[in-house]
Amino acid sequence: MFVSVFDVFKVSIGPSSSHTMGPMVAANQFLEHLIKNKGRFDRGDQCHIECQLQGSLAFTGKGHATDQAVLFGLLGFSPETFDRAEAEDKLELLRIGKSIEPVSGFKIGLEGDNAIIFDYDTKEMAHPNTMVLNLKDEAGEIRYSQTYLSIGGGFVMTKDEFESSEQLPVTDVVSVPFPFKNANQMLEMGKKSGKSIVEMKRANELSHMSETDLELGLKKLWDVMNNCIGRGLELDGILPGGLKVRRRAAGVRRKLLEERGTNLQMPHAVNDWISLYAMAVNEENAAGGQVVTSPTNGAAGVFPAVAKYYLEHVPGANQKKLYEMLLAGAAIGGLIKHNASISGAEVGCQGEVGSASAMAAAALCAVLGGTNEQIENASEIALEHHLGMTCDPVNGLVQVPCIERNGLGAIKAVAAASLALNGDGEHIISLDACIKTMYETGKDMDNRYKETSLGGLSVNYTAC
């Protein structure tokens with residue numbers, strides 16, 4: 001089993017990796033297939049594209065801008081290089097012209113917003129985040145159809161791939177020096193080799209890329225994370241979506257800076273710093289900004305916040321250690337992805353913020369000198385205390401309770417790392433048992449509490 005650090009951490013756009021990034025990627029893949037098979041589909045008559053959003057993509061698609069993401073993908077945009085201003089211009093032209101021309105002479109009808117169908121009725125589907133893209137001729141007959149599943153963290157699979165590959169969207173059969181499939185194997189391989197989790201993860205990455213590519217890739221991930229924090233700490237205003245949620249990170253930062261060095265600052269102020277770093281990221285995510293899946297957009301603030309805490313508040317911190325944090329976090333994130341789920345629509349927010357907190361706890365423990373056993377313990381502690389957490393975004397927006405939840409997830413990660421470092425690595429519940437429990441809990445959870453906005457805070461919220 002091998003899930004790369006660049007699969008766990010990916011440059012994305014807000015507000016959701018499963019509901020925005022994934023559908024954009026899927027629509028782009030559909031477009032690429034049409035271009036590749038232009039001769040088969042271009043017969044002189046004008047075909048048109050329709051998209052059906054099902055399950056969670058239908059119920060919370062408006063709040064997550066899923067409909068726009070699909071159109072952006074069909075217009076040729078991808079998350080990593082997304083330019084919002086250019087995309088908005090092309091979307092406006094699409095609404096006027098009602099067609100796309102992906103290659104010269106190949107014109108396809110696309111009725112803008114009318115091409116997106118929110119299917120609230122279909123109940124049986126391979127995954128809660130399902131979308132069906134159809135190419136139809138003038139008579140309404142389907143020329144080509146593909147069903148895509150957005151399985152969390154920006155991972156996209158076709159229905160056939162999903163049903164035949166045990167949900168692994170990345171290369172799962174690859175020769176790597178340390179092919180651990182679970183935490184127990186990871187610890188055993190560490191004992192036999194005498195290597196740390198970070199060293200084993202680095203060796204696995206270097207089995208299929210150069211040292212230079214790895215270092216540049218890790219640097220890019222941290223740069224995007226850090227820049228996102230920076231933007232979030234500077235901006236005030238109201239987030240889009242109708243809830244009228246105010247950006248708070250910048251204001252909290254100003255208050256903390258004013259109190260710094262005075263008798264007014266409370267000992268627990270460091271928790272406020274950790275929270276505001278996370279909130280800064282998720283406020284940017286809610287505004288549709290550029291973030292890094294960690295492992296999802298909804299949980300994108302946890303890991304960067306803990307990394308920023310390490311860099312800015314831990315004595316003797318070294319920026320190069322941030323790359324080690326990414327590798328340690330990816331090792332844990334890969335185990336969770338392989339053995340459970342990081343999709344809020346599949347297992348609730350325990351799979352998003354819970355997974356992110358476990359990854360961040362392991363990462364911090366690693367750079368603070370933790371043993372492999374302490375790192376595994378740190379991640380288990382963090383995940384254990386998110387078990388059962390529901391995903392119930394108010395109005396389908398990744399804002400309430402998501403933004404604050406990232407702050408608390410980051411604080412839990414730091415606390416978990418500290419607890420583990422104060423122990424010897426021995427504990428009763430293993431990380432493997434905790435991951436298994438998280439998955440089973442998610443499967444038993446009522447669908448109203450799994451990113452459908454049909455239960456919990458979503459229905460008990462009363463607009464003023």
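Taking segment 223-275 as the range and being over 23 Å from the mean Cα position of the chain (by Cα), under 20 Å from residue 302 (Cβ atoms) and not in a helix (DSSP H, G or I) as the test, only 268 passes. Please count how many residues of segment 87-129 are in contact (Cβ under 8 Å) with a residue 24 or more places away in the chain and either surrounded by 15 or more Cβ atoms within 10 Å (Cβ to Cβ) or not in a helix (DSSP H, G or I) (or both). Counting residues in segment 87-129 that are in contact (Cβ under 8 Å) with a residue 24 or more places away in the chain and either surrounded by 15 or more Cβ atoms within 10 Å (Cβ to Cβ) or not in a helix (DSSP H, G or I) (or both) gives 24.
As a summary of the residue check, residue 369 satisfies the conditions (1) at pLDDT 95 or above; (2) in a loop (DSSP other than H, G, I, E, B); (3) within 25 Å of residue 65 (Cα to Cα) except for the one numbered (3).
Checked against the criterion of being touching a residue at least 12 places away in the same chain (Cβ under 8 Å), crowded, with 20+ Cβ neighbours inside 10 Å and hydroxyl-bearing (Ser, Thr, Tyr), segment 71-83 contains not a single residue that satisfies it. Annotation: residue 210 fulfils all but one of (1) over 16 Å from the mean Cα position of the chain (by Cα); (2) touching a residue at least 60 places away in the same chain (Cβ under 8 Å); the unmet one is (2). When only residues in segment 137-176 that are in a loop (DSSP other than H, G, I, E, B) and of a type in the set (Val, Ile, Thr) count, which is modelled with the highest pLDDT? The residue in question is 176. In segment 401-431, the residue that is surrounded by the fewest Cβ atoms within 10 Å (Cβ to Cβ) out of those that are among the charged types (D, E, K, R) and outside any helix (DSSP H, G or I) is 426.
Give me the residue from segment 191-206 that is under 25 Å from the mean Cα position of the chain (by Cα) and closer than 11 Å to residue 371 by Cα and, out of that set, surrounded by the fewest Cβ atoms within 10 Å (Cβ to Cβ). Ranking the qualifying residues of segment 191-206, first place goes to 198.
The values are calculated or read from the model by the stated rules, or taken from the named source; none is laboratory data. Everything numeric in this text was worked out from a predicted model, so none of it was measured. We place every Cβ from the backbone using ideal geometry, glycine too, and count neighbours over all the protein chains shown.
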